[in-house]
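Engineer: Quick one: structure below, then a few questions.
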Amino acid sequence: MSVVALCLSVGLGAVTLEQIPGQAEIGCIEIHGVAAGEFNVELWREGTFNFVKDKRHPLLEPRQAGVYRNIYAPSAVRMDGGWRLFYGAWDGIDVGYDWIYSVFTKDFIDFGARETIIENGVFRHVCNVNALALPSGGFEMMCTVYPDKNDRNKPAYFTSPDGSAWNGREAPYPADYSDIITIEGYPDYDNADINGMNVIFRDGDTLRLYFNDFKNFGNVFRATSTDGKRFEYNGVALECSLVVNDVKRFDVDGKHCWLMGLHLNREGLWYSMSPDGDAFEPEQPLLTHAGPEDRYIVALGWVTDGNRLLGVLYGAGAVPELNRNRIFARWLQKRVVFTSDDGTVCEPTSAVGPNRQLIHVPDGVDPNGTLQVFAEDGVTALGAPTPVKNAATTLFRVVASNKAEDF
């Protein structure tokens, strides 16, 4: 197949659409290179996003081998060659106990074999994982364990030098009371009920913890530690009655922008920003559910690549009992629109991972027309419409400033 280069002028350079060989789905235009670029703080201040639902809805389902199938708490860690996705679940097992699993993916298109890394041990459940890559290699993560000796949920800390051994034992590691952290200075910590709200961020030698407490609900609190086990309470990070699930930091014009993701077991997700990670601005709506299958959203995790936010994974299900969840994905992408010569406008219908977008061209629609690329806000044109021929069942790649958006 010949390569057709279509140049769209942009203020600081050019966006080029290159036709590439391959097989798109029948009746679809498949666009590669649409992943979000560098974090744009103004986009988040305005709250205008082009989030595209992944075609696989859900992205990840429980395994079918066992009779307990409830998969929901995602945390994606960038590493060499892709991401390691940690999650909490009953992942097709024969007991209704939450365990922690992981799976590697190069691009969120294909996934490797799943591994069980933490079992419940002395607890009934270990879930709600929030994981980070250690600067020296390996991983650290904070999870919810239940029950502690006061019949409460508490955060527990786990580390691994290689992803295979956790807290000094080969996986699957059986969680123990000794893994539970302490938070000095937090009022009545023994009675605190910290369930699914234990987010960590490594800031040099300091490990930050963001958490809620169902016994003292209405705020997101923060604490700090140097060893991951003994924390010191620092105060309120955000006044709101939502559950914190992830915090990431981006560099913007020599300054930092911290991004917090929140949920409340309802139909939507929210976010909040901060210049210092200490005090966060009032929350704003991020997205709502796409249909009945993801009506109750119970967890979220940002997907990042360096200084880029590519999307959000979220656990959700169709029932209010919150026990039939799956992992779904929305990807922050450029918006590509096909306008047929017969006047039909075809919008993006779905994504396949963060870097591919599908546009369905219905039967009977003229496959000749124009393609136009818009920024991640969905409205800022990156050039004028450009003519294309026989676009249906064709693949294109967006190249910005002579470089495709890749990983």
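The values are calculated or read from the model by the stated rules, or taken from the named source; none is laboratory data. Keep in mind that what you see is a predicted model, and the values were worked out from it rather than measured. As a convention, Cβ positions derive from the backbone with ideal geometry for all residues, glycine included, and neighbour counts pool all protein chains shown.
Engineer: When you look at PHE328, is it surrounded by 15 or more Cβ atoms within 10 Å (Cβ to Cβ), among the aromatic types (Phe, Trp, Tyr), within 29 Å of the chain's Cα centre (by Cα) and more than 22 Å from GLY268 (Cα to Cα), yes or no?
Structural biologist: For PHE328, the condition - surrounded by 15 or more Cβ atoms within 10 Å (Cβ to Cβ), among the aromatic types (Phe, Trp, Tyr), within 29 Å of the chain's Cα centre (by Cα) and more than 22 Å from GLY268 (Cα to Cα) - is not met.
Residues are listed down the side, and each one gets a yes or a no for (1) closer than 18 Å to ASN198 by Cβ; (2) hydrophobic (A, V, I, L, M, F, W, C); (3) touching a residue at least 60 places away in the same chain (Cβ under 8 Å):
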residue: MET79; (1), (2), (3): no, yes, no
residue: PHE108; (1), (2), (3): no, yes, yes
residue: SER136; (1), (2), (3): no, no, no
residue: THR159; (1), (2), (3): yes, no, yes
residue: ILE183; (1), (2), (3): yes, yes, no
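Engineer: Check THR370 against each of (1) among the β-branched types (Val, Ile, Thr); (2) touching a residue at least 60 places away in the same chain (Cβ under 8 Å); (3) more than 30 Å from TYR87 (Cα to Cα) and name the one condition it does not meet.
Structural biologist: Status for THR370: all satisfied but (2).
Engineer: Looking at (1) assigned to a loop (DSSP other than H, G, I, E, B); (2) within 21 Å of ASP377 (Cβ to Cβ), which one does PRO362 not meet, given that it meets all the others?
Structural biologist: Only one criterion in (1) assigned to a loop (DSSP other than H, G, I, E, B); (2) within 21 Å of ASP377 (Cβ to Cβ) is unmet by PRO362, namely (2).
Engineer: Among (1) within 27 Å of LEU286 (Cβ to Cβ); (2) touching a strand residue (DSSP E or B) at 6+ places or on another chain (Cβ under 6 Å); (3) not hydroxyl-bearing (Ser, Thr, Tyr), which single condition is ASP179 missing?
Structural biologist: Result: ASP179 fails condition (1) only.
Engineer: Examine the range 270-290 for a residue that is farther than 24 Å from LEU43 by Cβ and of a type outside the set (Ser, Thr, Tyr), and state whether such a residue exists.
Structural biologist: no
Engineer: Within the range 276-284, identify whether any single residue is touching a Ser or Thr at 6+ places or on another chain (Cβ under 6 Å), charged (D, E, K, R) and in a loop (DSSP other than H, G, I, E, B), and answer yes or no.
Structural biologist: Yes, that holds for at least one residue.
Engineer: Hey, can you tell me all the residues within the range 135-161 that are hydroxyl-bearing (Ser, Thr, Tyr) and either in contact with a helix residue (DSSP H, G or I) (Cβ under 9 Å, 6 or more places away or on another chain) or at pLDDT below 95 (or both)?
Structural biologist: SER136, TYR157
Engineer: Take the residues of the range 347-366 that are surrounded by fewer than 22 Cβ atoms within 10 Å (Cβ to Cβ) and within 20 Å of ALA290 (Cα to Cα): which is nearest to the chain's Cα centre (by Cα)?
Structural biologist: In this case the residue turns out to be VAL352.
Engineer: Now, a different point. Which fully enclosed strands (runs of 3 or more DSSP E) of the range 159-211 have 3 or more residues being within 25 Å of the chain's Cα centre (by Cα)?
Structural biologist: 198-203, 206-211
Engineer: Yes or no: PRO62 under 15 Å from ASN325 (Cβ atoms), assigned to a loop (DSSP other than H, G, I, E, B) and either over 20 Å from the mean Cα position of the chain (by Cα) or at pLDDT 95 or above (or both)?
Structural biologist: So PRO62 fits the description; yes.
Engineer: Can you find, within the range 333-342, the residue that is surrounded by the most Cβ atoms within 10 Å (Cβ to Cβ) among those that are in contact with a Gly (Cβ under 9 Å, 6 or more places away or on another chain) and farther than 13 Å from ALA36 by Cβ?
Structural biologist: PHE338
Engineer: Only one of these conditions is not met by GLY261: (1) more than 23 Å from PHE86 (Cα to Cα); (2) part of a strand (DSSP E or B). Which number is it?
Structural biologist: Going through the list (1) more than 23 Å from PHE86 (Cα to Cα); (2) part of a strand (DSSP E or B), GLY261 breaks only (1).
Engineer: One residue is enough: does the range 176-196 have a residue meeting the conditions in contact with a Phe, Trp or Tyr (Cβ under 8 Å, 6 or more places away or on another chain), modelled with pLDDT of 95 or more and either of a type in the set (Gly, Ala, Ser) or outside the structural domain of MET142 (by TED's automatic domain parsing) (or both)?
Structural biologist: yes
Engineer: So, THR304, is that one farther than 30 Å from ALA392 by Cα, at pLDDT 95 or above, among the hydroxyl-bearing types (Ser, Thr, Tyr) and surrounded by 14 or more Cβ atoms within 10 Å (Cβ to Cβ) or not?
Structural biologist: Yes, satisfied.
Engineer: Still on this structure, please answer the following. Test GLY92 against the stated conditions and say whether it is surrounded by fewer than 22 Cβ atoms within 10 Å (Cβ to Cβ) and closer than 15 Å to TRP302 by Cα.
Structural biologist: no
Engineer: How many residues are under 16 Å from ALA73 (Cβ atoms) and in a loop (DSSP other than H, G, I, E, B) when one looks only at the range 322-345?
Structural biologist: 3
Engineer: Do you know which residues across the range 285-301 are loosely packed, with under 14 Cβ neighbours inside 10 Å and not in a strand (DSSP E or B)?
Structural biologist: Passing the criteria: GLY291, PRO292.
Engineer: Then there is this: Taking GLU321, is it farther than 28 Å from ASP406 by Cβ, assigned by TED's automatic domain parsing to the domain that holds ARG84, free of Cβ contacts under 8 Å to residues at least 12 places away in the same chain and acidic (Asp, Glu)?
Structural biologist: yes
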